[in-house]
Amino acid sequence: MVTAGLIKKIFQGASMHRWNDQIRPIEFTEMDKQAHKMVIAWLLGRIEEEISGSNIQWEAVIEGGFFEYLERLVLTDIKPPVFHRLVERVEIRKKLNEFVLSKLSPEIGGLTGDFFERFRAYLAGEDLAVERRIIRAAHYFATHWEFQIIYNYSPRLYGLEETREAIERELVRHYELECVREMVKYRNFIDLCGQLRFQRRWGQSERIPRTSVLGHMLVVALLSYLFCRNFSPCPKRLYNDFFAGLFHDLPEVLTRDIISPVKRAVDELDAVLKEYERSQLDEKILPQLPTYCRQEIVYFTRAEFENKVVLEGVERTEEDRPDISRRGVIAREFNRDEYRPLDGRLLKICDDLSAFVEATLSIDYGISSEQLLEGREHLYRKYRDSLVGNFPLKPVLDSLMGLNVKPVNER
């Protein structure tokens with residue numbers, strides 16, 4: 001079961017600042033870093049599948065990225081060089097792992113399946129499976145992307161050259177993967193996605209913590225993945241729900257995050273924006289990707305909040321197959337890889353749930369506005385009677401707002 005505690009834990013990364021011992025032109029947060037990392041992991045994995053013929057286990061990539069994010073949320077105060085030195089000692093590594101598991105057990109102990117035990121195994125493992133190697137390579141690419149900005153902005157503080165050399169050594173170590181060497185051709189796509197770190201959500205309202213469009217995309221992806229796991233999904237459905245969540249706002253790198261009140265205030269504005277996004281996606285974003293990845297990005301970003309399947313090689317959305325919008329139809333009839341099912345309606349719920357949490361956290365911190373209060377109230381009324389599968393959303397919404405929740409010592 002997905003709990004309010006786990007959702008809040010995911011958002012904790014928006015308050016974790018990276019490179020806070022360096023001069024920074026912008027704030028770098030852990031949430032944004034992990035989002036960028038998963039974008040890069042997707043591209044590396046797709047390239048590896050294409051050029052090496054590897055059979056990538058995508059759930060292992062998704063889970064590995066999620067596990068490493070959760071670990072980082074707990075070990076927030078340990079700088080990477082110190083952490084790497086500590087974990088070289090087996091006994092310390094074991095104790096750190098148990099500490100991480102004990103801190104996260106209340107939030108993830110009740111998730112479907114053996115999620116907690118797989119998390120334990122991942123922390124303890126040091127296998128050389130291609131999925132873990134892709135995740136590690138993506139980690140260093142995302143770190144290097146951040147560091148280049150800091151390096152070019154900084155007056156060369158003491159220790160900066162040493163940090164640069166250490167990061168580049170790690171990147172070179174991963175060049176043994178052909179996909180890493182090939183990905184250099186597609187740096188423009190990585191840069192475009194990285195620009196979504198600079199775009200702030202709720203543009204007319206100050207909030208704490210601030211969240212970027214890229215960080216929001218990761219939250220939607222993780223929530224979609226967690227809810228989808230309860231549907232006994234086929235592998236392609238799980239893959240689509242996660243990565244459609246991760247890329248659903250990608251066109252906003254060209255249009256910016258236009259707030260909902262503006263869209264609602266002008267008739268047909270949303271339709272005009274969608275058409276513009278489609279043309280810009282074709283002209284500016286897709287050419288930065290390998291040809292074999294382009295159609296997949298289109299599948300993730302067009303009619304992104306509609307349920308979809310592929311029948312006889314043709315994409316079908318709710319517009320031409322209204323039956324797939326009905327509850328349970330995908331699970332009963334299309335839950336097989338050949339249909340490439342995508343739960344767009346689930347993505348919309350997760351998108352709105354992310355916005356609800358953003359507003360609620362800021363209000364709890366004492367930073368409020370009319371827009372935040374109205375937005376939270378609207379979303380609460382919209383979803384208080386809703387189900388995700390058989391899972392009611394109202395207890396989660398109430399808990400996030402502090403309603404009808406017993407004190408910790410009474411549970």
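What whole number of Å gives the distance from the Cα centroid of the range 86-120 to the Cα centroid of the range 316-360? Result: 32 Å between the Cα centres.
Using just the helices of the chain, give the 222 nm mean residue ellipticity in deg cm²/dmol: DSSP H runs with n ≥ 4 each add -39,500 (n - 2.57), and the total is spread over all residues, rounded to 500. Please list the in-between numbers first.
Working: 20 runs with 248 residues, N = 411.
Estimated from H runs of four or more residues: -19000 deg cm²/dmol.
By the gyration tensor of its Cα atoms, with a ≥ b ≥ c the square roots of the eigenvalues, what is the shape of the range 1-79: rounded for a/c under 1.5, prolate for a/b over b/c, or oblate? List each step's numbers first, then the result.
Details: a/c = 2.77, a/b = 1.47, b/c = 1.89.
Note, shape of the range 1-79 comes out oblate.
Annotation: amide H-H contacts under 5 Å for Phe28 (H modelled 1.01 Å from N, sequence separation of 5 or more, or interchain): Arg18.
Beta carbons within 10 angstrom, averaged per residue: use that to sort the peptides 342-348, 12-18, highest first. Write out the running numbers ahead of the final one.
On the way: 342-348: 23.6, 12-18: 19.7.
Per-residue mean Cβ counts within 10 Å order the peptides as 342-348, 12-18.
Distance between the 7 Å Cα→Cβ label points at Glu88 and Ser368: 5.2 nm.
Of Ile62, Ile324, Ile26, the residue with the greatest mean-square motion in the GNM of the chain, using alpha carbon springs below 10 Å, is Ile26.
Structure shown: which of Lys33/Lys382; Lys8/Lys33; Lys8/Lys103; Lys37/Lys185; Lys284/Lys348 lie over 21 Å apart, alpha-carbon to alpha-carbon? Can you show the working numbers first?
Numbers: Lys33/Lys382 31 Å; Lys8/Lys33 18 Å; Lys8/Lys103 14 Å; Lys37/Lys185 17 Å; Lys284/Lys348 25 Å.
With Cα atoms farther than 21 Å apart: Lys33/Lys382; Lys284/Lys348.
Could you tell me what percent of the accessible area of the range 308-358 is made up of carbon and sulfur, with a 1.4 Å probe and every protein chain present? Roughly 42 percent, rounded to a whole number.
Accessible surface computed residue by residue for the range 172-312, with neighbouring protein chains in place and a 1.4 Å probe, gives 43 Å² per residue. For the pair the range 14-69 and the range 151-218, the centres of their Cα atoms are 10 angstrom apart. Counting 0.36 nm for each residue step from Ala121 to Glu161 and taking away their Cα separation leaves a gain of 10.8 nm. Carbon-plus-sulfur accessible fraction, the range 60-143 (probe radius 1.4 Å, protein heavy atoms only): 58%.
The values are calculated or read from the model by the stated rules, or taken from the named source; none is laboratory data. These numbers were taken from a predicted model, which means no experiment stands behind them. Here Cβ is always computed from backbone atoms with ideal geometry, including for glycine, and neighbour counts include all displayed protein chains. Heavy atoms of the whole protein, side chains included, go into the accessibility calculation; ligands, DNA and RNA do not. Shrake-Rupley method; radii C 1.70, N 1.55, O 1.52, S 1.80 Å.
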